[in-house]
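Below is one structure; the comments refer to it alone.
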Amino acid sequence: MPVRATAMRPKNLRPMMYRSFLPWRFVGLGAVLLSLGACASVNEGPALNVPVPAKWSNGTTGSEPYRYAEAASWWRQYRDPVLSGLIDKALANSPTLEQALARVDAARALARSEGARLLPEVDSASNVNIERRLSGSAEGLIQDGGTLEPRPRRTVGTFQIGFDSSYEVDLFGRVRNAIASAQNSAAVAAEDAETARVTLIAEVVRTYVELRAAERRRGIITNDITARQRLIQLVQGQKTAGLAGDFDVQRVIATGEASKARLPTATLAIRTAQHRLATLTGQPAPDKALVRSVSRVPIVRPPRPTFPADLVRTRPEIRAAERNVARRAADVGVATAELYPRLTLSGTLTIAGNVLARPLSGQLVTVAGGPALTIPLLDWGQRRAIVDARDADLREAVAAYKGAVLSGVEEVEVSLASIRSQNARIARLQSAVSAAFRAFETAATLYAQGLTGLTERLTAETEWRQAELDLAEAREAAGIAVVRLYKAIGAPVVDRPVSRNPGSNLVQASTKS
């Protein structure tokens with residue numbers, strides 16, 4: 001309600017004018033304190049410098065710039081549209097990735113909440129009070145011609161509106177370190193989501209390789225079963241002609257049944273991979289497009305790993321460990337600031353008035369405010385103990401970062417060694433399959449001519465089929481080694497979406513790498 005000019009007497013003009021300058025003094029004081037709070041620093045923690053090998057011991061170390069865009073879609077080197085479609089579905093529908101992205105949005109929202117603490121907090125409260133006396137005198141007695149009579153009853157209504165404002169002057173960095181801690185927590189969540197994305201892609205490719213390898217094994221076993229059936233018919237015909245006995249018939253039947261016994265295992269591996277892919281892509285049932293009778297195992301040759309050794313630092317696990325160090329360092333800053341006084345600026349503005357009758361007498365607008373200083377005196381070592389605990393957490397985070405770097409180097413080296421080993425094994429097995437097939441053809445020809453026995457023929461065929469199965473297994477292992485390699489380097493990309501919420505802001509945390 002506006003203040004009426006007639007309600008102010010001339011003698012009150014000067015005091016009111018003097019009081020009107022008081023808020024400006026508080027504004028000046030607040031500006032000085034705000035400038036002091038702006039000087040507060042954020043604890044960035046120790047410098048992280050964990051050495052990595054200058055070159056890979058199990059692969060070629062590249063000196064040219066690494067092609068990040070190619071690594072971002074490394075699975076497309078398989079040139080398999082079915083695989084690319086599965087990965088697209090997994091990135092769009094995976095429940096695991098959805099959980100990780102939701103945690104990113106939650107952490108970023110909390111970081112924005114902490115960031116708002118750098119600004120003053122303003123609250124408002126208002127109330128309206130209506131009072132009516134139902135019995136007895138309303139406002140005491142009045143004098144009327146020497147007699148006391150009760151005043152007439154009436155309804156009284158008043159209102160009051162108030163605004164409260166408070167601001168903590170960040171003299172020792174408590175607020176800024178708390179904000180930095182929240183921002184780094186959001187960054188850790190973002191890196192964890194990137195880890196989930198890299199792991200999801202690697203798991204889809206690995207399962208797809210396992211599926212096609214199982215189909216390849218089933219194809220080899222099916223061909224073997226068909227050949228054994230023809231051999232059984234041949235031997236049974238020879239028995240009828242008196243050229244073979246029951247022993248020979250039972251031997252070929254036994255080998256045929258042994259070959260059939262391998263088929264359920266290969267079929268189970270196919271079904272398991274199909275359902276695993278359905279789960280990874282967020283589907284309740286396997287896609288019918290995955291069903292193939294006999295298929296080539298999609299083995300992609302690694303592009304001669306020429307990435308630099310220092311690239312391992314871009315792994316999301318290592319980046320998350322680095323952000324975690326910065327978060328722990330900020331927590332130390334928060335705990336340390338609790339050892340020192342805390343300065344808070346507060347102010348109130350109150351407006352009061354009458355809603356049913358004439359305005360209330362006196363001043364309707366009241367302004368109050370000032371600084372409040374909280375000084376820790378004696379807490380029996382509680383705050384210092386918290387600082388020690390946060391220091392220990394920081395040391396743990398630094399050790400975890402060192403472990404993450406060393407683990408990353410180990411995974412890359414083991415993957416490179418596995419690729420080299422499996423490629424050498426594939427080359428030997430390819431020669432073994434060719435030699436075993438020629439031996440089988442020779443034994444089959446000699447057996448048909450009666451120049452060798454059934455034992456030699458069965459042995460040659462069994463060795464040939466086993467060499468084919470070994471080759472399929474080696475190709476599967478080589479494909480999985482490639483997947484492990486790209487997962488080990490984290491498949492770094494330049495532009496990587498870490499949130500499906502278009503309204504979420506990217507939290508930038510200043511950390512010392």
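The values are calculated or read from the model by the stated rules, or taken from the named source; none is laboratory data. Note that the coordinates shown come from a computational prediction; the quantities given were computed from them, not determined experimentally. A quick note on method: Cβ atoms are made from the backbone with ideal geometry, for glycine too, and the neighbour counts reach across all protein chains shown. Protein only, heavy atoms only, side chains kept; ligands, DNA and RNA dropped before computing areas. Shrake-Rupley method; radii C 1.70, N 1.55, O 1.52, S 1.80 Å.
Dipole orientation for the range 151-213: of the candidates 165, 180, 213, 165 has the Cα lying most toward the positive pole (charges on Cβ; Lys, Arg +1; Asp, Glu -1). Given their separation in residues at 0.36 nm each and the Cα-Cα distance between them, residue 226 and residue 106 gain 37.3 nm when the chain is fully extended. Straight-distance candidates among the aspartates and glutamates for linking to residue 260, with alpha-carbon spacing under 14 Å and chain neighbours fewer than 8 residues away dropped: 224.
Karplus-based coupling profile of the range 392-404, in residue order and whole Hz: 5, 4, 5, 4, 5, 5, 5, 5, 5, 5, 4, x, 5, with θ = phi - 60° in 6.51 cos²θ - 1.76 cosθ + 1.60 and x standing for Gly or Pro. Around the Cα centre of the range 307-441, unit charges on the Cβ atoms of Lys, Arg, Asp and Glu (plus for the first two, minus for the last two) sum to a dipole of about 260 debye. Modelled label positions at residue 287 and residue 233, each set 7 Å beyond Cα in the direction of Cβ, lie 3.9 nm from each other. Using the Karplus relation 6.51 cos²θ - 1.76 cosθ + 1.60 with θ = phi - 60°, the per-residue 3J(HN,Hα) values for the range 223-229 come to 5, 5, 4, 4, 5, 5, 5 Hz, with x marking Gly and Pro. In whole percent, how big is the carbon plus sulfur part of the accessible area of the range 166-302, probe 1.4 Å, protein atoms only? Carbon and sulfur atoms account for 54 percent of the accessible area of the range 166-302.
A crude spin-label estimate for the pair residue 246 and residue 385, with each label 7 Å from Cα along the Cβ direction, gives 8.8 nm. Surface exposure of the range 151-226, expressed per residue as accessible area with a 1.4 Å probe, stands at 34 Å². Put a plus charge on the Cβ of each Lys and Arg, a minus charge on the Cβ of each Asp and Glu, and nothing anywhere else: the dipole of the range 361-403 about its Cα centre is then about 80 debye.
Ordering 432, 455, 472 by Cα displacement along the dipole of the range 426-488 toward the positive end leaves 472 in first place; charges were set at the Cβ atoms of Lys, Arg (+1) and Asp, Glu (-1). Look at where the Cα atoms of the range 152-221 and of the range 397-417 average out, and the two centres are 26 Å apart.
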